[in-house]
Amino acid sequence: AASDVNEASSYIPAAPILLPDGVWKQIPGGVTAAKGFKAAGLYGGLRAKGEKPDLALVTCDVDANVAGAFTTNVVAAAPVVYCKNVLSSTKTARAVLINAGQANAATGDAGYQDVLECANALATILQIRPEEVLIESTGVIGHRIKKEALLSSLPRLVNSLSPSIQGGDSAAVAITTTDLVSKSVAIEYEVRGTSVRVGGMAKGSGMIHPNMA
Amino acid sequence: TMLGVITTDALVESDVWRKMVQVAVSRSFNQITVDGDTSTNDTVIAFASGLSGSNWITSMNSYEALLLQTGLDAVMQGLAKSIAWDGEGATCLIEVTVTGAEGEAEAGKIARSVAASSLVKAAVYGRDPNWGRIAAAAGYSGISFDPNNLQILLGDIMLMDGGQPLAFDRVAASNYLINAGETHGTVEIKITVGNGPGYGKAWGCDLSYDYVKINAEYTT
């Protein structure tokens, strides 16, 4: 598993991150920089071509307050509809599972059932409630996710979870599609003597004109 | 499609966290554009674990909240800019800054209108300091301003002031664009539309032949 994570994190180079100036300092890492978070990314066989990692997982050790912003495109993908439903009824979550390869958009009821199955399967492995699992997908529109490949990869993905920088970096690579670089950043600042960290990862290269709410 | 996952160990109340995330998204991811196509899947999920041991944030107006908001804005802007920098076929990042608008929303809308203009993006790829296209894109943004107050700079080179085109050094301006393209750097377009307090930024990239090639060959 450690080998998987290290390999995944070096598959494509990291983007130059152009942080605005402020009271913070940039620190190594991304989503795993803040306390309580683990991440992993690996190849699960979802991509049509190549063996670049395509499955990422970010988890929190505790119930985390969760917020979401989603496309306002009325033709929203199944995972978008699922996450909006979940966040309308709960304030906390423990995990987000992300696949690259298929967007699971314009896939109708079957696509939504796929999301539910994936969330349930991951919740069982993590021993949490399904509504504590959120899902993001990216890739080809109109294609359902390769569910069997995804489900069979989940135990390996969970076993690969790590609070390390490599864990976050491997997840950042695994969510990319046509991206030439991975995007991951973390900052740290002091507030009344306590260190607070904010980190993140993102992907995107084309079909980019977000209007999220 | 753009996806994002944000994490923090700040201790913040749920409703406050959700407001903060939307504000930061509006200042970052919602201010980028590569090709004008809004995806079916754009999503940002943001977790706050509360494990830092910091004070409990229950109001948007507290000192702790303001610090967290600026940090959140910075992380999201850093990621958003890297998406625009990595736009399909791009040779450079375009950063548009608008000042003098009535408010932040108005400034942001003008900035994004310029960043999204296919003609501005193509001009940047062609290393053409085309102030007319920039002015036009600002003008059709849907935000009203007095064109006699319009000022446009490319980097530090002023192309237009008081609504009037200037006799600028075209070679220097073109070289500025060439250098940005050759180094995959940043082209700064600075626009002033009046004397208001509104300030906003948007980010995009130039439009190259490769964009069409990539999307003609990659099915969606």
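Exactly one residue out of B:I214, B:I191 is among the β-branched types (V, I, T) and modelled with pLDDT under 95, and it is B:I214. Being closer than 30 Å to B:Q31 by Cβ and more than 17 Å from the chain's Cα centre (by Cα), is that true of even one residue in region A:130-137? No, that holds for no residue. Of all the listed residues (B:N55, B:N30), the sole one being part of a helix (DSSP H, G or I) and facing another protein chain (nearest Cβ under 7 Å) is B:N30.
Total residues in region A:64-84 satisfying the condition of being in contact with a helix residue (DSSP H, G or I) (Cβ under 9 Å, 6 or more places away or on another chain) and either more than 9 Å from chain B (Cβ to nearest Cβ) or among the hydroxyl-bearing types (S, T, Y) (or both): the figure is 4. Taken over region A:44-72, residues that are free of Cβ contacts under 8 Å to residues at least 40 places away in the same chain and either within 30 Å of A:K91 (Cβ to Cβ) or under 17 Å from the mean Cα position of the chain (by Cα) (or both) amount to 6.
The single condition from (1) in contact with a helix residue (DSSP H, G or I) (Cβ under 6 Å, 6 or more places away or on another chain); (2) more than 12 Å from chain B (Cβ to nearest Cβ); (3) of a type in the set (S, T, Y) that A:S89 fails is (1). Just give me the residues in region B:163-184 being crowded, with 16+ Cβ neighbours inside 10 Å and touching a helix residue (DSSP H, G or I) at 6+ places or on another chain (Cβ under 7 Å), in sequence order. Of everything in region B:163-184, just one residue is crowded, with 16+ Cβ neighbours inside 10 Å and touching a helix residue (DSSP H, G or I) at 6+ places or on another chain (Cβ under 7 Å), namely B:L177. Is it the case that some residue within region A:9-29 is among the polar types (S, T, N, Q), more than 9 Å from every other protein chain (Cβ to nearest Cβ), over 25 Å from A:D114 (Cβ atoms) and not in a helix (DSSP H, G or I)? So far as region A:9-29 goes, yes, one or more of its residues are among the polar types (S, T, N, Q), more than 9 Å from every other protein chain (Cβ to nearest Cβ), over 25 Å from A:D114 (Cβ atoms) and not in a helix (DSSP H, G or I).
Total residues in region A:154-213 satisfying the condition of being of a type in the set (S, T, Y) and either at the interface with another protein chain (Cβ under 7 Å from one of its Cβ atoms) or in a loop (DSSP other than H, G, I, E, B) (or both): the figure is 9.
Inspection of region A:184-202 identifies no residue that is among the acidic types (D, E), in contact with a strand residue (DSSP E or B) (Cβ under 9 Å, 6 or more places away or on another chain) and buried (at least 24 other Cβ atoms within 10 Å of the Cβ). Screening B:I94, B:I83 for residues that are at pLDDT 95 or above, assigned to a helix (DSSP H, G or I) and of a type in the set (V, I, T) leaves exactly one candidate, B:I83.
Can you find, within region B:9-27, the residue that is nearest to A:A76 (Cα to Cα) among those that are within 7 Å of chain A (Cβ to nearest Cβ) and surrounded by fewer than 22 Cβ atoms within 10 Å (Cβ to Cβ)? Per the criteria, the residue is B:Q22. Might you let me know whether region B:121-143 holds any residue that is touching a residue at least 60 places away in the same chain (Cβ under 8 Å), out of contact with any strand residue (DSSP E or B) (no Cβ under 8 Å at 6 or more places or on another chain) and small (G, A, S)? So far as region B:121-143 goes, yes, one or more of its residues are touching a residue at least 60 places away in the same chain (Cβ under 8 Å), out of contact with any strand residue (DSSP E or B) (no Cβ under 8 Å at 6 or more places or on another chain) and small (G, A, S). Summed over region B:168-220, residues that are among the charged types (D, E, K, R), under 30 Å from A:A105 (Cβ atoms) and touching a Ser or Thr at 6+ places or on another chain (Cβ under 6 Å) total 2.
For (1) among the acidic types (D, E); (2) within 14 Å of chain A (Cβ to nearest Cβ); (3) more than 22 Å from the chain's Cα centre (by Cα), each residue gets a yes or a no:
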{"site": "B:L150", "(1), (2), (3)": "no, no, no"}
{"site": "B:L153", "(1), (2), (3)": "no, no, no"}
{"site": "B:D156", "(1), (2), (3)": "yes, no, no"}
{"site": "B:N175", "(1), (2), (3)": "no, no, yes"}
{"site": "B:I178", "(1), (2), (3)": "no, no, no"}
{"site": "B:G194", "(1), (2), (3)": "no, no, no"}
{"site": "B:P197", "(1), (2), (3)": "no, no, no"}
{"site": "B:A216", "(1), (2), (3)": "no, yes, yes"}
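Taking region A:32-58 on its own, how many of its residues are surrounded by 20 or more Cβ atoms within 10 Å (Cβ to Cβ), within 13 Å of chain B (Cβ to nearest Cβ), of a type in the set (A, V, I, L, M) and part of a loop (DSSP other than H, G, I, E, B)? Number satisfying all stated conditions: 2. A:R94 satisfies every condition listed in (1) assigned to a helix (DSSP H, G or I); (2) facing chain B (nearest Cβ under 9 Å) except (1). Among the residues here, A:Q113 does not qualify as in contact (Cβ under 8 Å) with a residue 12 or more places away in the chain, surrounded by 14 or more Cβ atoms within 10 Å (Cβ to Cβ) and more than 27 Å from B:R18 (Cβ to Cβ).
The values are calculated or read from the model by the stated rules, or taken from the named source; none is laboratory data. The model shown is predicted, which means the values in this text are computed figures rather than measured ones. We place every Cβ from the backbone using ideal geometry, glycine too, and count neighbours over all the protein chains shown.
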